[in-house]
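The values are calculated or read from the model by the stated rules, or taken from the named source; none is laboratory data. Everything quoted here is computed from the prediction, not taken from an experiment. With ideal geometry, Cβ positions are generated from the backbone for all residues, glycine too; neighbour counts draw on all protein chains shown.
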Amino acid sequence: MPFDLDRYRERAETFGEELSREYYRHLAGHKRELEIEPIYETYGDLFDRDSVLALRDLAAGAVNADEGRRLRYLLHFGFDGLVGLETRAEAAELAGLEASLEVDAGDGAVPYRAVVIEQANESDAGRRAALEEARNGVLESRLNPIYRTALERAHETCREFGWPSYADAYTELRGIDLARLRRQTAEFLTATDGAYTPLMDAQLERAGLPALGALRRSDMPRLFRAPGLDRHFPAERLIESFEATLAGLGMKLREQPNVHLDTESRPTKSPRAFCSTPRVPEEVYLVIAPHGGRDDYAALFHEGGHTEHYANTEAGLAYEYRQLGDNSVTESFAFLVEHLVSDPDWLRERLGVGDPEPAVEHSRAFRLVMLRRYSAKLAYELDLHGVSADFAAMPDLYSELLSDAVRVPWPRASWLADVDDGFYAACYLRAWALETHWRAALEERFGESWFANGEAGEWLRGLWREGQRLNADELLGEALGEELDFTRLAAEYRQ
Ligand SMILES: [Zn+2]
């Protein structure tokens, strides 16, 4: 049967709709089971080799630029799905083990997934380290062999499609020059080398933790838990402060008919805020189980940024531009809204925080750790997924790159578990940089308190209407005539 592109597009969209709604219903606690197998069965043809090969041929032969772009987004979708199906047995096994395995540091069992929370709440550094060691042991013996099988199959699938490596495949599928991004983030690491240690040591001292040099990775969850900041971020003001922020930008959250705000408490609801988009822009869910604290505010505002980006996307755009494309774009708007909860003016005006400095500095340090960690991760992932990757050398390389960037001895054990599918790390890195361009433009046009200016909201909605038709570089070029770079981001850490 000849490949029917229109039918493929329609089925891709309904597949995404059903999958996204199922995830919403499960994670929001409406139903206990997550039944995605029947959905994959119904739509399996979207991810068979013939369909994906047909998309690749069409994309390669497209003469019209717009059609070529839509086909590349579709090809990325199809190929991701194909790799996902090829490795679904391993993914299911890993999920099952991670949910059921237990870790024992010699004083009783802790669920595998609860180790980080346990470390954050543990005041004894020795027990934090023992938990880490026990967890790494389980990771190496039980999970890494499965991760490795899945990784090798994903690499094989890329070669089968004619790409020299997984890195080459995703450079083409994402349309991102990953080698250039690696150079930019290496420069960012150098540019923030001097600022990093003093910024971190000040935070570590406040938290009563050892300075860099003596700090262990098992101490980091404790640093970022920051219970001293909880009083600024009460659970009962979480939703109200988000609504007030949107109102300041001229948007009434409760009057957006396409945004479903889900704040009800349910026994199996995910503790972390999330956004789900069965239909863009017609059906967008923002789900929250408010429990307060800095991290909860950051998560809600981040997901709220995604929500408003999707909810304001132009309904008339092609499916590929509403639901697919370069996620650096939606992540940049999520980071922009998230950044407000560490903005001193916002903290004063919206939460009445008298002295916002501790919260601001804590967030700055947290973000720099993330930026440096992701910069190192990208360099590592490019080697891991490169043409001549030597797996035997990878655990040491991983540990070395992460230790150098974060300045904490980094365990080798997570050399496979700490790898994002399809170079998603690149989207986060680009989004962090892109966010600084948006924020500078907003401040320049509407002042420091741009978040309380209806015209700033109007300007943002103009960007959001585009969905993800353009990639991060193109949208930035079109909106501001600027080129995506990391110098502004590095400048935020200039001493
Ligand atoms: Zn996000």
I need the full set of residues from segment 173-203 which are closer than 23 Å to Asn471 by Cα and free of Cβ contacts under 8 Å to residues at least 60 places away in the same chain, in order please. Asp177, Arg180, Arg183
Return yes when Leu336 is among the aliphatic types (A, V, I, L, M) and free of Cβ contacts under 8 Å to residues at least 24 places away in the same chain and no when it is not. no
Could you tell me how many of the residues in segment 295-322 are small (Gly, Ala, Ser), over 17 Å from Lys252 (Cβ atoms), assigned to a helix (DSSP H, G or I) and more than 12 Å from the ligand (Cβ to nearest atom)? 0
Could you run through segment 23-56 and say how many residues are within 20 Å of Gly78 (Cα to Cα), loosely packed, with under 13 Cβ neighbours inside 10 Å and among the aliphatic types (A, V, I, L, M)? 0
Suppose we filter Ala417, Ala426 for residues that are farther than 25 Å from Trp346 by Cα and part of a loop (DSSP other than H, G, I, E, B); which single one remains? Ala417
Expected single match for crowded, with 24+ Cβ neighbours inside 10 Å, within 30 Å of Asp168 (Cβ to Cβ) and touching a helix residue (DSSP H, G or I) at 6+ places or on another chain (Cβ under 9 Å) among Glu308, Glu331, Glu320 is Glu331
Considering segment 454-490 alone, what residues qualify as being more than 18 Å from Ala311 (Cα to Cα) and touching a His at 6+ places or on another chain (Cβ under 8 Å)? Leu476, Leu480, Glu482, Leu484, Arg488
Tell me, which residue of segment 241-291 that is without any contact (Cβ under 8 Å) to a residue 24 or more places away in the chain and of a type in the set (Lys, Arg) is farthest from Arg465 (Cα to Cα)? Arg254
Is it the case that Arg72 is crowded, with 16+ Cβ neighbours inside 10 Å and in contact (Cβ under 8 Å) with a residue 60 or more places away in the chain? yes
Residue pairs, Cβ under 7 Å, 6 or more apart or interchain, first in segment 411-432 and at pLDDT 95 or above, second buried (at least 21 other Cβ atoms within 10 Å of the Cβ) and small (Gly, Ala, Ser). List them. Cys427/Ser328; Leu429/Ser375; Arg430/Ser328; Arg430/Ala472; Ala431/Ser328; Ala431/Ser332
Considering only residues that are within 14 Å of the ligand (Cβ to nearest atom) and under 19 Å from Asn453 (Cα atoms), which ones fall in segment 323-351? Phe333, Ala334, Phe335, Leu336, Val337, Glu338, His339
Considering every residue within segment 446-454, establish whether at least one is in contact with a Pro (Cβ under 6 Å, 6 or more places away or on another chain), buried (at least 17 other Cβ atoms within 10 Å of the Cβ) and farther than 24 Å from Glu187 by Cβ. no
Out of the residues in segment 402-414 that are out of contact with any Leu (no Cβ under 8 Å at 6 or more places or on another chain) and part of a helix (DSSP H, G or I), state the one that is farthest from Arg183 (Cα to Cα). Arg412
Within segment 97-141, take every residue that is in contact (Cβ under 8 Å) with a residue 40 or more places away in the chain, within 17 Å of Ala413 (Cα to Cα) and among the aliphatic types (A, V, I, L, M) and give me the one that is surrounded by the most Cβ atoms within 10 Å (Cβ to Cβ). Leu131
Can you name the residue in segment 257-286 that is of a type in the set (Ser, Thr, Tyr) and within 16 Å of the ligand (Cβ to nearest atom) and is also farthest from Lys31 (Cα to Cα) among such residues? Thr277
Which of the residues spanning segment 341-357 are assigned to a loop (DSSP other than H, G, I, E, B) and either surrounded by 18 or more Cβ atoms within 10 Å (Cβ to Cβ) or touching a residue at least 12 places away in the same chain (Cβ under 8 Å) (or both)? Asp343, Val353, Pro356
Number of the condition not met by Leu246 [criteria: (1) away from the ligand (no atom under 16 Å from the Cβ); (2) in contact with a helix residue (DSSP H, G or I) (Cβ under 8 Å, 6 or more places away or on another chain); (3) within 30 Å of Val406 (Cα to Cα)]: (3)
Which numbered condition in (1) more than 30 Å from Glu152 (Cβ to Cβ); (2) more than 23 Å from the chain's Cα centre (by Cα) is the only one that Trp438 fails? (2)
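Based on this model, can you work out whether Trp438 counts as among the aromatic types (Phe, Trp, Tyr), touching a residue at least 12 places away in the same chain (Cβ under 8 Å), farther than 25 Å from Ser363 by Cβ and crowded, with 18+ Cβ neighbours inside 10 Å? Even if it seems obvious, please write down each step before you answer.
On the way: among the aromatic types (Phe, Trp, Tyr): yes; touching a residue at least 12 places away in the same chain (Cβ under 8 Å): yes; farther than 25 Å from Ser363 by Cβ: no; crowded, with 18+ Cβ neighbours inside 10 Å: yes.
It is false that Trp438 is among the aromatic types (Phe, Trp, Tyr), touching a residue at least 12 places away in the same chain (Cβ under 8 Å), farther than 25 Å from Ser363 by Cβ and crowded, with 18+ Cβ neighbours inside 10 Å.
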Take segment 213-258 and flag every residue that is loosely packed, with under 15 Cβ neighbours inside 10 Å and closer than 28 Å to Ala129 by Cα. Gly213, Ala214, Pro227, Gly228
Selection within segment 279-289 - assigned to a strand (DSSP E or B) and either surrounded by fewer than 21 Cβ atoms within 10 Å (Cβ to Cβ) or of a type in the set (S, T, N, Q) (or both): Arg279, Glu283
